[in-house]
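See below for the structure under consideration.
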Amino acid sequence: RRMSAAEKIGMTDGASEALDFIVEIDKMKSIQRRSLTYDGSHYENDAEHSFHLALFVIMLAEYANEPIDVLKAVKTVLIHDIVEIDAGDTYFFDDKGYETKRDRETRAADRLFGLLPNEQRDEYRTLWEEFEAGSTPEARFASSVDRMQPMLLNYLKDGISWREHNVSYEQVKERGKCIKGGSEKLWEHMDALFDDVHNKGLLK
């Protein structure tokens, strides 16, 4: 059996499970997404994406449709993509990938959150399930900024990822509407940006 990180450093108390989880999710840094960073130097990874979303929540919380617990929403965006360590990133416009996304990610959630001590396991698994279902104000706002962030980066890079994957203006517009679920105000801004990209002739 392979030694865990906690075993390697001789940690045997209650913090050992949390440490093993922390080390395991370092793999998020290797999960590449489809959005270029603003400086265009590379495609962002899941860790960068989650960090960026945490700042979106902190800075834009006042634009949520409903009052939110900011700390809870920050926790949600920091853990929402952990399942992609096992399940991989499913591109927002990959309809085929979405057919198996839920099953893949549920199995991943079972394993990854199962690494945690019981209380943290239950808290983080619940946050993930709420995010997937959009069942709380925090989950709905987290989902909105999760959709907004890559779309904003794409807009700032002249729709490069959409063009690379042959995504149409109509697809962007329709999928982007989910931003409204957590923030009508942010949707208004993004909707105007989608129209701007279209008017410039950058999308089919």
Discussion item. Starting from a Cα-only point model with no solvent, please compute log10 I(q)/I(0) by Debye for region 163-204 at q = 0.22, 0.27, 0.31 1/Å.
Written reply: -0.69, -0.91, -1.05
Worksheet item: Helix 15-24 versus the longest principal axis of the chain: what is the Cα-based angle in degrees, 0 to 90, to the nearest 10?
Response: 40 degrees
Worksheet item: Computed from the mean reciprocal separation of all distinct C-alpha pairs, what Kirkwood hydrodynamic radius does region 123-204 have, in Å?
Response: 13.3 Å
Item to complete: Find the Rg to Rh ratio for the chain, where Rh is the Kirkwood radius over alpha-carbon pairs and Rg uses the same atoms.
Response: 1.00
Worksheet item: Where does the chain land at 222 nm, in deg cm²/dmol rounded to the nearest 500, when only DSSP H runs of n ≥ 4 count, each adding -39500 (n - 2.57), divided by all residues?
Response: -19000 deg cm²/dmol
Practice prompt. Pull up the cross-link candidates among the lysines for residue 72, meaning alpha carbon to alpha carbon under 27 Å and not fewer than 8 places away within one chain.
Written response: 27, 29, 101, 177, 180, 185
Worksheet item: Helix 137-156 versus the longest principal axis of the chain: what is the Cα-based angle in degrees, 0 to 90, to the nearest 10?
Response: 60 degrees
Item to complete: Leaving ligands, DNA and RNA out of it, report the carbon-plus-sulfur percent of the accessible area of region 59-136 at a 1.4 Å probe.
Response: 50 percent
Practice prompt. Using only Cα atoms, tell me the angle between helix 70-79 and the longest principal axis of the chain; keep it within 0 to 90° and round to the nearest 10.
Written response: 80 degrees
Item to complete: Using per-residue counts of other Cβ atoms within 10 Å, averaged over each peptide, order 151-158, 74-81, 27-34 from highest down.
Response: 74-81, 151-158, 27-34
Practice prompt. Quick one: compute the contact order of the chain, relative version, from alpha carbon pairs under 8 angstrom and 6+ residues apart, as a percent.
Written response: 22 percent
Discussion item. With a cut-off of 8 Å between alpha carbons and a minimum separation of six or more residues, what is the relative contact order of region 15-132 in percent?
Written reply: 28 percent
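The values are calculated or read from the model by the stated rules, or taken from the named source; none is laboratory data. Here the structure is a predicted model, which means the values were calculated and not measured. Don't worry about glycine lacking a Cβ; one is built from the backbone with ideal geometry, like all the others, and counts go over all protein chains shown. All accessible areas refer to the heavy atoms of the entire protein, side chains included, with ligands and DNA or RNA removed. Shrake-Rupley method; radii C 1.70, N 1.55, O 1.52, S 1.80 Å.
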